[in-house]
Amino acid sequence: MQKQEIQQIIDLKTKPLGALGLLEKIALKIGLVQQQPKLELKNPHLIVFASDHGIAQSGVSAYPAEVTPQMVLNFLNNGAAINVFCNQNKIELSIVDSGVNYDFDDYTILKNCKIAKSTKNFLYESAMTSTQLDECFTHSQKIVAEIAKKGTNIIGFGEMGIGNTSSASMLVHYLTNLPLEQCVGRGTGLNDEQLKTKLEILAQAKNTHGEIKDPKQILATFGGFEVAQMTGAMLATFDHNMLLMIDGYIASAALLVASKLKLEILNNAIFCHQSDEFGHQYLLNYFNEEPILKINLRVGEGTGCALAYPIIESAVNFFNDMASFESAGVSNKDEEIC
């Protein structure tokens, strides 16, 4: 189906032209991906990738690195925000240990894809080696292939990792040329003095590594294992022609890297919310995308995806089930009313 055909179906529903706002844009995007007259969302799945970051040891976060494994245990014990919202909206949840500095017991929803117990501190050296980055992508492909076997056609992406807003900030700065000051935010809740320190540390990291142009090298230099695995999983999700639900700043930064490797991935991406993290609004502007929600979230975990999913469902349902002017016998504004 061509874009014009899908848009015509939307325009001829019994409503004023464009009256369903962003729902119409979402339906159009899904229609272009699925290329079928009846849209569908099947077995929605959300993946939370978790890892520790070496940069956290340099004082860029208001929370200690120990919070990363503590929060992963909270996910595994069904106690976090993402558990609540996935349960509410019947979204299957997987937790991926990409590189947490902790040895977890076996849990049904846990996937052990640990590369190492934390990345290196990118203030002094690259966060990971090119071999480790390749391992991240290999794990990602296997995770998505396993989910695809269940018939899933929509995956949401979330993360957990103390220090990962610093990682995301560097990725966004290097890949968009936005000023570093626009890319750096308060993360877990830094005060003004702590924010100033964070910015100074990240500026030092840029001086350490200098100019880098290759997206994969930038990812290896500044990324977390969870960000790298998320990037690989997004690319694999696109390869399976699934829809991608994009969460906040870190997930958007991962998508940014993925888009530099395969630009068409943006055609499948639905931006679920605008994070309260400072740089996210600039990144959304860079993508020229409008998020579904703007409710001051900055918890990560993929919560924006889980909360936005019912709205995505509504876009599918109006496209499939809402009457057209013709089928309902309703005159539209272009018809002469006698």
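If ligands, DNA and RNA are left out, what is the accessible area of M1 with a 1.4 Å probe, given in Å² to the nearest 10?
About 60 Å², ignoring ligands and nucleic acids.
Ordering L12, L93 from largest to smallest accessible area (1.4 angstrom probe), what's the sequence? Provide the component values of the computation, followed by the final result.
Values: L12 75, L93 20 Å².
From most exposed to least exposed: L12, L93.
By how many degrees, 0 to 90 and rounded to 10, does the Cα axis of helix 225-239 deviate from the longest principal axis of the chain?
30 degrees
With θ set to phi - 60°, apply the Karplus curve 6.51 cos²θ - 1.76 cosθ + 1.60 along the range 246-263 and write out the HN-Hα couplings as whole Hz, x wherever there is a Gly or Pro.
Values, residue by residue: 9, 7, x, 5, 5, 4, 5, 5, 4, 5, 4, 4, 4, 5, 6, 8, 8, 4 Hz.
Order of 129-141, 157-169 by packing, highest average Cβ count within 10 Å first? Please list the in-between numbers first.
Working: 129-141: 18.2, 157-169: 29.8.
Going by the mean number of other Cβ atoms within 10 Å, highest first, we get 157-169, 129-141.
Suppose we keep just the alpha-carbon trace of the range 35-110; what are its Rg and Dmax in angstrom?
Radius of gyration, then largest Cα-Cα span, for the range 35-110: 15.8, 53 Å.
Around H273, which amide H atoms from residues at least 5 apart in sequence, or from another chain, sit under 5 Å from its own amide H, with H modelled in the peptide plane?
Counting only residues 5 or more places away or on other chains, the set is I292, L293.
Can you give the relative contact order of the chain as a percent, counting alpha carbon pairs under 8 Å and 6+ residues apart? Can you show the working numbers first?
On the way: 643 pairs, mean separation 83.7, N = 338.
Computed over the chain, the figure is 25 percent.
Any chance you could list P(r) for the chain, counting all Cα-Cα pairs in 10 angstrom bins from zero, rounded to whole %?
Result, from short to long distances: 6, 27, 33, 20, 9, 4, 1, 0 percent.
Helix 303-321 versus the longest principal axis of the chain: what angle, 0 to 90°, nearest 10, using Cα atoms?
20 degrees
Through the Karplus equation 6.51 cos²θ - 1.76 cosθ + 1.60, θ set to phi - 60°, convert the phi angles of the range 119-125 into ³J(HN,Hα) values in whole Hz; use x for Gly and Pro.
6, 6, 7, 6, 5, 10, 7
Give, in whole angstrom and from largest to smallest, the semi-axes √(5λ) of the equivalent ellipsoid of the range 134-290, with λ running over the eigenvalues of the Cα gyration tensor. Write out the running numbers ahead of the final one.
Details: eigenvalues 140, 52, 38 Å².
For the range 134-290, the ellipsoid semi-axes come out as 26, 16, 14 Å.
If the only charges are +1 at each Lys and Arg Cβ and -1 at each Asp and Glu Cβ, what is the size of the charge dipole of the chain around the Cα centre, to the nearest 20 debye?
Values: 26 positive and 37 negative charges, 49 e Å.
Once rounded to the nearest 20, the dipole reads 240 debye.
Amide H neighbours of I154 under 5 Å, counting only residues 5+ apart in sequence or on other chains, H built in-plane at 1.01 Å?
K42, H45, L243
If you put +1 on each Lys and Arg Cβ and -1 on each Asp and Glu Cβ, how big is the dipole of the range 186-233 around its Cα centre, in Debye rounded to 20? If you can, show how the numbers build up before the last one.
Details: 6 positive and 6 negative charges, 15 e Å.
Computed about the Cα centre, the dipole is about 80 debye.
Using the charge dipole of the range 205-294 (Lys, Arg: +1 at Cβ; Asp, Glu: -1 at Cβ; taken about the Cα centre), state which of T221, L255, C272 has its Cα farthest towards the positive end.
About the Cα centre, the residue reaching furthest to the positive side is T221.
Tell me, what % of the accessible area of the chain is carbon and sulfur with a 1.4 angstrom probe?
47 percent
How many Å² of accessible area per residue for the chain, probe 1.4 Å? Walk me through the intermediate numbers first.
Working: 14710 Å² over 338 residues.
Per-residue accessible area for the chain comes out at 44 Å².
Heavy-atom accessible area of F325 with all protein chains present, probe 1.4 Å, nearest 10 Å²?
30 Å²
Ignoring trypsin sites (Lys or Arg not before Pro) that are buried or in helix or strand per DSSP, and keeping those with at most 13 other beta carbon atoms within 10 Å, what is the longest stretch of the chain between them? Mind showing how you got there, number by number?
On the way: sites that count: K38, K42, K90, K149, K150, K213, K262, K333.
In short, 263-332.
Can you tell me which lysines have their Cα less than 17 Å from the Cα of K3? Leave out same-chain residues fewer than eight positions away.
K13, K25, K29, K38
What figure, in Å² to the nearest 10, do you get for the accessible area of L20 with a 1.4 Å probe and non-protein molecules left out?
60 Å²
In Å, what Kirkwood hydrodynamic radius results for the range 1-80 from the alpha-carbon pair distances?
Working: mean 1/r = 0.0592 Å⁻¹.
Computed over Cα pairs of the range 1-80, the Kirkwood hydrodynamic radius comes out at 16.9 Å.
Hey, can you grab everything whose amide H is under 5 Å from the amide H of F49? Only 5+ residues off in sequence or another chain; H modelled, so Pro and N-termini drop out.
The answer is V96, G158, E159, M160.
Report, in deg cm²/dmol and to the nearest 500, the calculated mean residue ellipticity at 222 nm for the chain, where each DSSP H run with n ≥ 4 adds -39500 (n - 2.57) and the sum is divided by the residue count. Could the numbers behind the result be given before it?
Values: 14 runs with 162 residues, N = 338.
My calculation for the chain gives -14500 deg cm²/dmol from helical runs alone.
If I fit a long axis through the Cα atoms of helix 130-148 and take the longest principal axis of the Cα atoms of the chain, what angle between them do I get, 0 to 90°, rounded to 10?
Roughly 30 degrees, rounded to the nearest 10.
The values are calculated or read from the model by the stated rules, or taken from the named source; none is laboratory data. Values in this document were obtained by computation on a predicted structure and should not be read as measured data. Ideal geometry is used to build each Cβ from the backbone, glycine not excepted, and the neighbour counts take in all protein chains shown. Quick note on the areas: whole protein, heavy atoms, side chains included, nothing else; ligands and nucleic acids left out. Shrake-Rupley method; radii C 1.70, N 1.55, O 1.52, S 1.80 Å.
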